[in-house]
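The values are calculated or read from the model by the stated rules, or taken from the named source; none is laboratory data. Worth saying up front: this structure is predicted, and the values here are computed from it rather than measured. Here the Cβ positions follow ideal geometry from the backbone for every residue, glycine too, while neighbour counts run over all protein chains shown. For accessibility, only protein heavy atoms count, side chains too; no ligands or nucleic acids. Shrake-Rupley method; radii C 1.70, N 1.55, O 1.52, S 1.80 Å.
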Amino acid sequence: MMRRGFVIGPVLSAVWMVVLSVTVAVCMSFATGEPFRPGIILSLLWGAVAGLISVYFGWSKVLYFGIAAGLCILGFIGLGPVLVGPETGLISRAVGAVALAAAFSASIRPILCDLVLGRLTRHEFETAVIRCLTGIGYIFFSAIVLIPFYVMVMTSLKNQSELMQNPLDFSIDISQGAELFRSYEELFSQFNFGTYLFNSFTISVFTVFITLAFAIPGAYAVARLRFRGRAAFSRSILLIYMVPMIVLALPIYIAFSMTGLRNSFWGIVMIYPVTTIPVALYMLQGYFRGLPAEVEEAGLMDGLSRLAVIWKITLPLSLPALASVSLYVFMIAWNEFLLAFMLLDDPTKFTLTRGIASLNSSEIPRQHLMAGSVVATVPIMALFLGLERFMTNGLTAGSVKG
Amino acid sequence: MHQLGPPIGTGPLAKREARLAWGLLFPTIFAVSTVVLLPLLAIFWISFKPVELADLRAPEVVLREDIRGDADHVGATPLIRYRLRNSSQEQPIHDVTFSDRIPEGLSVLELDPRCRVSDRDLTCDLGDWDAGARETLTIPVEVQQTYLTNGLRPQDSPAVTTGVSSNVLTNATFTFENFTRVFNGGEFLEVLWVTLFYTVFGTVGTLVVGLFAALLLNKSFKGQGILRGLYLFPYVAPVIAVAFAWLILFDPFSGSANALLMQMGVTQQSINFFGERPLALIMVTVFEIWRYFPLSFLFILARMQSIDTDMYEAADMDGASPFQQFWYLSVPQLLGILSVLFLLRFIWTFNKFDDIFLLTGGNAGTRTLTVDVYEQAFAISNLGAGAAVAVVIFGCLLTFSIFFLKYVSREEGL
């Protein structure tokens, strides 16, 4: 029964309409703060009608402009799939209706294009269902990823009392100009965030270099040299990662308290690389194994020592892997929270993550907290987007911790 | 008669290679053992110790020194006064001594029987002190001309104090109290159950969501790279930033999520997402899934893209439908990476601390074992009990790692 075009077409179309109307309603609410909500019954009805029409007539330009125009008109008169409240402005009402009409009429063709009225093969049926599910998947994943970040950025730009009145109203008043970034300005002028940014950056860079200095020789030894205990060693590298940080943090806290290393830059720089060395070693040894041994042997035959071979042949060949590992280690050090939280109490020595934690109090407005989060997120995101290829390679190569 | 055949044992070349290898590995082994193995041993030690946060500051002798009375003309007789006390109200200090240098031009008139002066060095032996002990020593001195011309006061040379106090961390008192405390009480069972729920559902959730995300992106189209980068955001962003963003999004009073749900008519009154009992645990699990699906998504996608496409073409020819292709071709190919990811993520989720700590602080029924370590050690300031929980965690992990070594390292070809 389901595998007939005149059944599955309207069903998929109706489901798709519900998804789109929820999406448009959520988007419009988040953008304007005005009441929009999806009308489930109307969405099902209009979606089914549009689906039936398109399966019955097949694809033509006229038909789809017709559907789009119909949805627009229904939206304006208030019977569209997206319902609006009486206080919704005329412009946002129009934008919502047009957005839904455009999105639906543009996307329904790829979903339903292979369907015919009568009986369908299993292949055609499943393809249509999968296309619909794929569309839902894209919307779902993009929404869950974007919404928290959107809220983060917008909250940092808005006054807290405005948001208390209408938590959905994320619209910002562009005319404020530089006033918009007041919380950022205050973070840097009153809350020392310039220092924190600098601390985080130097600590992360130190961590990267120290990690590489330890991991490169170690990885080379595990990957290339023969010695007793090699297999056991390469297995235990990852086991080190199984030890939770909190278990180590307790004795480290005690030891640092007793030796006065708490609240010191060098204490943090000593401890961070150790948390990253095992994973860096594991990632690098995987890469070193993949390099052709013949090149190195040629170097050895020509009279280079092992160390010279590493320096002059292996390292230049593994620059991409080094970039991945460095990026990954930088990310871990930049995002590290637990150790910074436990070991740093002195506000002049804070890293960014520790600085944000100190903003989490009822006396400090939320927009500062979110502005701090944005300040910590933007550099790592920029670095990541710029070097995305290295990052994904690094992550998959390392099999990596979380 | 010489035996022909390959050399037996390790030759000099192999020995040199092994020496070099250990030399290259030494820095790593050294660093890792000081920061990982040593603390692990310390955890076992501390878990048998009745140690609290306040015990970290060892009791010490606090000394203040000043000069009383006029000292501005030759022949004046001021007093040098030393005020000493034990900084701890709970622990005694043994063999308290201090030594100081009396400036030139002050001649000592009278000396406490416990003190001696030789050349200008003063040493006093004050014996054993009880907790919170205080003591004041006064030494009358006569001023001479050199004192006035030199201008060197008694305070200018700092007094050195010594004392032996027993430190809970290093003495021989042991106790099982930490473990009985941890295991007693229904609390522990709840913590265990919460940990299990969080770990199992968090792990399965990340795998399933990651698998869906990978299926979506396993085709090339314009913008695939952008979407792939976008879907990694939750993993790349600092945990503290995204955790606070979630807290603000789901705030019960002014959170957008509540406002949205009310506007859509899903709920009538606002929901306290991170503050109510079953819901808070579900929410932290959802957060865990949200934050770590990118990781499993990346691995699964990498595996999917290495599957030979010929197979799918053949299946198409044979009339297999898309779902059948997924179920009978893709899933068996992905089982290997899925099981590896399951084990790895299981262990890492089990170890996760910061996420729950930042979202709920372990309240509202979300206290997992790792959060319990922090709660016991720092919130209740009982380091010993915290260490006992850490030992329990470590025991669980040992069990997991046996599984890990048995299955994962074979899959990974280690």
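Before moving on, here are some points about what is shown:
- If the condition is being open to solvent by 60 Å² or more (accessible area, probe 1.4 Å) and under 31 Å from the mean Cα position of the chain (by Cα), then segment B:190-238 contributes B:190, B:192, B:193, B:196, B:201, B:204, B:208.
- Yes/no for residue B:269 being away from chain A (no Cβ under 14 Å), touching a helix residue (DSSP H, G or I) at 6+ places or on another chain (Cβ under 9 Å) and not in a helix (DSSP H, G or I): yes
- When B:341, B:281 are checked against the criterion of being closer than 23 Å to residue B:231 by Cβ and in contact with a helix residue (DSSP H, G or I) (Cβ under 9 Å, 6 or more places away or on another chain), B:341 stands alone in meeting it.
- Taken residue by residue, segment B:75-82 has no member that is under 30 Å from residue A:244 (Cα atoms) and open to solvent by 50 Å² or more (accessible area, probe 1.4 Å).
- Any hit, segment B:289-307, residues being at the interface with chain A (Cβ under 8 Å from one of its Cβ atoms) and free of Cβ contacts under 8 Å to residues at least 40 places away in the same chain: yes
- Some residue of segment A:82-90 being surrounded by fewer than 22 Cβ atoms within 10 Å (Cβ to Cβ) and assigned to a helix (DSSP H, G or I): yes
- Scan segment B:11-41 for residues that are open to solvent by 30 Å² or more (accessible area, probe 1.4 Å) and hydroxyl-bearing (Ser, Thr, Tyr) and the total you get is 2.
- The test for being more than 27 Å from residue B:396 (Cα to Cα), facing another protein chain (nearest Cβ under 9 Å) and of a type in the set (D, E, K, R) does not hold for residue A:262.
- Residue in segment A:95-103 that is of a type in the set (Gly, Ala, Ser), open to solvent by 10 Å² or more (accessible area, probe 1.4 Å), part of a helix (DSSP H, G or I) and without any contact (Cβ under 8 Å) to a residue 24 or more places away in the chain present: no
- Options A:251, A:316; residue that is within 9 Å of chain B (Cβ to nearest Cβ) and part of a helix (DSSP H, G or I): A:251
- Within segment B:225-281, the set of residues being touching a Phe, Trp or Tyr at 6+ places or on another chain (Cβ under 9 Å), in contact (Cβ under 8 Å) with a residue 24 or more places away in the chain and of a type in the set (Phe, Trp, Tyr) comprises B:231, B:233, B:235, B:246, B:250, B:274.
- Exclusive hit being at the interface with chain B (Cβ under 9 Å from one of its Cβ atoms) and either open to solvent by 50 Å² or more (accessible area, probe 1.4 Å) or more than 27 Å from residue A:215 (Cα to Cα) (or both), set A:374, A:378: A:374
- Inside segment A:51-81, residues that are open to solvent by 60 Å² or more (accessible area, probe 1.4 Å) and touching a Ser or Thr at 6+ places or on another chain (Cβ under 6 Å) make up a count of 0.
- Sole residue being assigned to a loop (DSSP other than H, G, I, E, B), more than 8 Å from chain A (Cβ to nearest Cβ) and surrounded by fewer than 19 Cβ atoms within 10 Å (Cβ to Cβ), chosen from B:336, B:361: B:361
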